[in-house]
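Remarks on the structure that follows.
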Amino acid sequence: MKRTRAGLLILMIILTGASLKYVITEHQNKQAVRTLGMKYVRKEYAEGDTLKAAATCKPLFGGSGYQLVLKNSHGEAYYVLIVLGPERNLVTLNDLTLGVRSGSSMFPCR
């Protein structure tokens with residue numbers, strides 16, 4: 001009986017540690033995506049205006065890809081897909097802003 005309880009306690013500690021590590025890593029990844037996205041939008045669209053991350057989504061089976069919606073103070077939205085590498089470095093960045101604004105492209109992250 002004591003071994004069973006000890007085993008369950010150890011299993012719970014391991015699962016808690018793993019889930020905590022996942023949450024921290026995911027938060028750091030989202031911060032990196034927001035930073036990279038804001039740098040890109042400022043450079044590409046010459047935005048001197050402040051930008052806010054309206055939404056940051058990761059598709060369920062999307063691997064390391066993130067969908068980012070940024071809004072400026074005028075309410076204009078910018079839609080960017082970003083894939084991070086293993087060290088939170090930029091692998092690919094796809095700008096879907098013009099396509100989404102014109103209606104020719106869908107952006108599921110809202």
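The values are calculated or read from the model by the stated rules, or taken from the named source; none is laboratory data. Here the structure is a predicted model, which means the values were calculated and not measured. Virtual Cβ from ideal backbone geometry, glycine too; neighbours counted across all protein chains shown. To get the accessible areas, we keep the full protein, side chains included, count just its heavy atoms, and leave off ligands, DNA and RNA. Shrake-Rupley method; radii C 1.70, N 1.55, O 1.52, S 1.80 Å.
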Checklist entry - With 53, 46, 18, 32 as the choices, which residue is open to solvent by less than 100 Å² (accessible area, probe 1.4 Å) and on the phi > 0 side of the Ramachandran plot? => result 46
Checklist outcome for this item: Apart from one, (1) surrounded by 14 or more Cβ atoms within 10 Å (Cβ to Cβ); (2) over 24 Å from residue 106 (Cβ atoms); (3) small (Gly, Ala, Ser) all hold for residue 77; the odd one out is (2)
Checklist entry - Does residue 41 satisfy the criteria of being assigned to a helix (DSSP H, G or I), in contact with a strand residue (DSSP E or B) (Cβ under 6 Å, 6 or more places away or on another chain) and within 14 Å of residue 90 (Cα to Cα)? => result no
Item to check | Check on residue 87, of a type in the set (Asp, Glu), open to solvent by 80 Å² or more (accessible area, probe 1.4 Å) and free of Cβ contacts under 8 Å to residues at least 24 places away in the same chain | outcome: yes
